[in-house]
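Below: the structure, in structure tokens.
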Amino acid sequence: MPMLSYVHQLFSAEQCQAYVHMLRWRDRPLLCPRCQSCDVRPWGMYHYRPGLKRYWCLGCQRTFNDLTHTLLAQSKRSLAHWILATFLLCLSCSSHRIARELGVHVRTSYRWCWRLRNTAISYETDRHLEGIVEADDLYHTAGQKGQATQGGQKALGRRARGRRKKREPGRGHYDKDRPAIIAWVSRQGFVVIQATKDFTVKTVQKAANLAVQAGSQLYTDSASSDRALQGYVHEFVNHTQKEYARGEVHENRAECLFSL
Ligand SMILES: [Zn+2]
């Protein structure tokens, strides 16, 4: 018997709402999500959603609540369902498992997981690194085509295309099933990873503009595309001359990230 499908009934709706209120307005003042006006006042509660506070905005003359303009706004399920689903998703549970544990349909849990992941990612995509940033690149074979799940060759019933064998030495390319992965690692610990089509100067410059604040200190290896980057204070180590660190100048964090 799935135990969690009964646990959410033990949750207090008021406490769930208070928790969401705390999370949403923790690091900013309470303001209207529509017109960003701070001129708001309490406006009672909803009788069908216990604990959900309502506010009146004097700027746009409309009401809003703690869930307005979030993915929970229109949901018919309780907040306890959503909190448990988020918790299980963070534990890497599958959408099938989440559906089973929450007592919802598998399509519902699939949709929730999809939305939760997208929302989580949307916070990360706008990230701009600053300070000292290390960069490195890697070419990763896209997919494990032709390999059986238990390892070894998969029985295809035809001759294998042998794409893996055709792989050329040197830099990879998206068209050859081997896209470039560029990692930007800030010394403060933040990371941006981008998958790009190739590793030309133009692509790398575009990727850098998206990931790193202009004027930041950039440490890379001696790849020509990295060296051509503009708009940054740039230093590099020369791996061909067996130079891996020169005082503060190294990109070992980015290399370590790839080894993970
Ligand atoms: Zn407003």
Task: Looking only at segment 98-127, and only at residues there that are within 30 Å of residue 176 (Cα to Cα) and out of contact with any Phe, Trp or Tyr (no Cβ under 7 Å at 6 or more places or on another chain), the one that is most open to solvent (accessible area, probe 1.4 Å) - done: 114
TODO: Only one of these is open to solvent by 60 Å² or more (accessible area, probe 1.4 Å) and modelled with pLDDT under 90: 167, 178. Name it.
DONE: 167
Task: Condition met for residue 68 (open to solvent by less than 50 Å² (accessible area, probe 1.4 Å) and more than 16 Å from the ligand (Cβ to nearest atom)) - done: no
Open item on the list: Just the residues that are acidic (Asp, Glu), buried (at least 20 other Cβ atoms within 10 Å of the Cβ) and more than 11 Å from residue 135 (Cα to Cα), please, taken from segment 204-251.
Closed with: none
Task: Within segment 223-260, considering residues that are β-branched (Val, Ile, Thr) and farther than 19 Å from residue 211 by Cβ, the one modelled with the lowest pLDDT - done: 240
Open item on the list: Checking residue 193 against (1) open to solvent by less than 80 Å² (accessible area, probe 1.4 Å); (2) not in a loop (DSSP other than H, G, I, E, B): exactly one of these is not met. Which one?
Closed with: (1)
Open item on the list: For the structure I just gave you, tell me whether residue 84 is buried (at least 18 other Cβ atoms within 10 Å of the Cβ) and touching a His at 6+ places or on another chain (Cβ under 7 Å).
Closed with: yes
Task: Residue check for residue 94: under 21 Å from residue 119 (Cβ atoms), open to solvent by 40 Å² or more (accessible area, probe 1.4 Å), more than 15 Å from the ligand (Cβ to nearest atom) and among the hydroxyl-bearing types (Ser, Thr, Tyr) - done: yes
Open item on the list: Restricting to segment 220-250, give me the number of residues that are under 17 Å from residue 171 (Cα atoms) and outside any loop (DSSP other than H, G, I, E, B).
Closed with: 8
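Residue-by-condition table, conditions (1) within 16 Å of the ligand (Cβ to nearest atom); (2) farther than 21 Å from residue 122 by Cα:
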{"position": "6", "(1), (2)": "no, yes"}
{"position": "13", "(1), (2)": "no, yes"}
{"position": "30", "(1), (2)": "yes, yes"}
{"position": "36", "(1), (2)": "yes, no"}
{"position": "62", "(1), (2)": "yes, yes"}
{"position": "89", "(1), (2)": "no, no"}
TODO: Run residue 49 past the list (1) in a loop (DSSP other than H, G, I, E, B); (2) of a type in the set (Lys, Arg); (3) surrounded by fewer than 13 Cβ atoms within 10 Å (Cβ to Cβ) and report the number of the one that doesn't hold.
DONE: (3)
Open item on the list: List pairs: first residue in segment 17-44 and on the phi > 0 side of the Ramachandran plot, second residue of a type outside the set (Phe, Trp, Tyr) anywhere in the structure, Cβ distance under 6 angstrom, at least six positions apart or on different chains.
Closed with: 44/54
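Looking at the structure I just gave you, is residue 17 loosely packed, with under 10 Cβ neighbours inside 10 Å, outside any loop (DSSP other than H, G, I, E, B), away from the ligand (no atom under 15 Å from the Cβ) and not basic (Lys, Arg)?
No.
The values are calculated or read from the model by the stated rules, or taken from the named source; none is laboratory data. Not measured: the values here are computed from a predicted model. Glycine also receives a Cβ, built like all others from the backbone with ideal geometry; neighbour counts cover every protein chain displayed. Keep in mind that these areas ignore ligands, DNA and RNA; they rest on the heavy atoms of the full protein, side chains included. Shrake-Rupley method; radii C 1.70, N 1.55, O 1.52, S 1.80 Å.
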